[in-house]
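Below: the structure, in structure tokens.
The values are calculated or read from the model by the stated rules, or taken from the named source; none is laboratory data. The structure presented is a predicted model; accordingly, all values stated were derived computationally and were not measured. Don't worry about glycine lacking a Cβ; one is built from the backbone with ideal geometry, like all the others, and counts go over all protein chains shown. In case anyone asks, the SASA skips ligands and DNA or RNA and just uses the protein heavy atoms, side chains included. Shrake-Rupley method; radii C 1.70, N 1.55, O 1.52, S 1.80 Å.
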Amino acid sequence: RGEDVILDRYVLSSLAYQGASVSHDFIQQANRLLHQDLCSGHFVTLAAIMLDSKTHGIQFLSAGHGPTLVVRGQQGVIEELPAQSIPLGIDAPLTLEAQLEIELQPGDFVVMLSDGCYDARNSAGESFGLGRLNLLLKMHSDKPVNDIAGIFEHEVRKFSENTPQSDDMTMLLLKRSG
């Protein structure tokens, strides 16, 4: 619902404006506010990464959002990062596991995406799926992220055979170049 979207943006933006970094405290504070104000049965998923450009490491936190993938470009391996909690707004206080710390090697990249990216369906009702997504990521891991995103979009549209899109498709790629 529109009111929930506005509330979600307001809560997260106001916490960020107050200088809160993406941490356990940020997640707990956002969860408490959303738990009080969201309509019953509604929730918010959140995934956040903080990049240290000196060490090439990332800190990762997820509240029910997934999958987030780390593509190990030189090894051809894809790691799926687990969520540290359930989505925001369902229960307060939130049980939250420790944030993950991951080092990116040259050629590695992080893929954060909405479920519309792999839930896209063709005329037979078959979903694009994580298997096809992972295959594309492995096949094109040597390319720049703009090219990977473009190839992915092209392949999903070809797969879906102009079937109307039922959900958003949002993808963020972060790649260590050297």
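Within segment 73-122, take every residue that is charged (D, E, K, R), without any contact (Cβ under 8 Å) to a residue 40 or more places away in the chain and not in a loop (DSSP other than H, G, I, E, B) and give me the one that is least open to solvent (accessible area, probe 1.4 Å).
Restricting to residues being charged (D, E, K, R), without any contact (Cβ under 8 Å) to a residue 40 or more places away in the chain and not in a loop (DSSP other than H, G, I, E, B), the top hit is Glu79.
Just checking, does segment 45-53 include any residue being within 30 Å of Asn134 (Cβ to Cβ), surrounded by fewer than 16 Cβ atoms within 10 Å (Cβ to Cβ), at pLDDT 60 or above and among the aliphatic types (A, V, I, L, M)?
Yes: segment 45-53 contains one or more residues that are within 30 Å of Asn134 (Cβ to Cβ), surrounded by fewer than 16 Cβ atoms within 10 Å (Cβ to Cβ), at pLDDT 60 or above and among the aliphatic types (A, V, I, L, M).
Mind checking which pairs have a first residue in segment 164-178 that is at negative phi and a second that is of a type in the set (Asp, Glu), Cβ under 7 Å, 6 or more apart or different chains?
Close Cβ pairs (under 7 Å, with a partner that is of a type in the set (Asp, Glu)) amount to Asp167/Asp115; Asp167/Asp119; Arg176/Asp108.
Looking at Gly19 and the list (1) part of a loop (DSSP other than H, G, I, E, B); (2) modelled with pLDDT of 85 or more, which single condition is not satisfied?
(2)
What about Ala83, is it more than 15 Å from Lys175 (Cα to Cα), within 13 Å of the chain's Cα centre (by Cα) and at pLDDT below 95?
yes
What about Leu172, is it under 30 Å from Lys54 (Cβ atoms) and open to solvent by less than 50 Å² (accessible area, probe 1.4 Å)?
Taking the combined requirement at face value, the residue does not satisfy it.
Among residues belonging to segment 153-178 that are at pLDDT below 85 and over 21 Å from the mean Cα position of the chain (by Cα), point out the one that is farthest from Phe128 (Cα to Cα).
Per the stated criteria, the residue is Gly178.
Looking at segment 134-148 only, could you name the residues that are outside any loop (DSSP other than H, G, I, E, B) and open to solvent by 70 Å² or more (accessible area, probe 1.4 Å)?
Answer for segment 134-148, where residues must be outside any loop (DSSP other than H, G, I, E, B) and open to solvent by 70 Å² or more (accessible area, probe 1.4 Å): Leu135, Lys138, Met139, Asn146, Asp147.
Mind checking which residues of segment 54-72 are surrounded by 19 or more Cβ atoms within 10 Å (Cβ to Cβ) and over 16 Å from Leu94 (Cα atoms)?
Those that are surrounded by 19 or more Cβ atoms within 10 Å (Cβ to Cβ) and over 16 Å from Leu94 (Cα atoms): Ile58, Phe60, Pro67, Thr68, Leu69, Val70, Val71.
Checking the structure you have, find out if any residue of segment 153-176 is among the charged types (D, E, K, R), under 23 Å from Ser62 (Cα atoms) and touching a Pro at 6+ places or on another chain (Cβ under 9 Å).
yes
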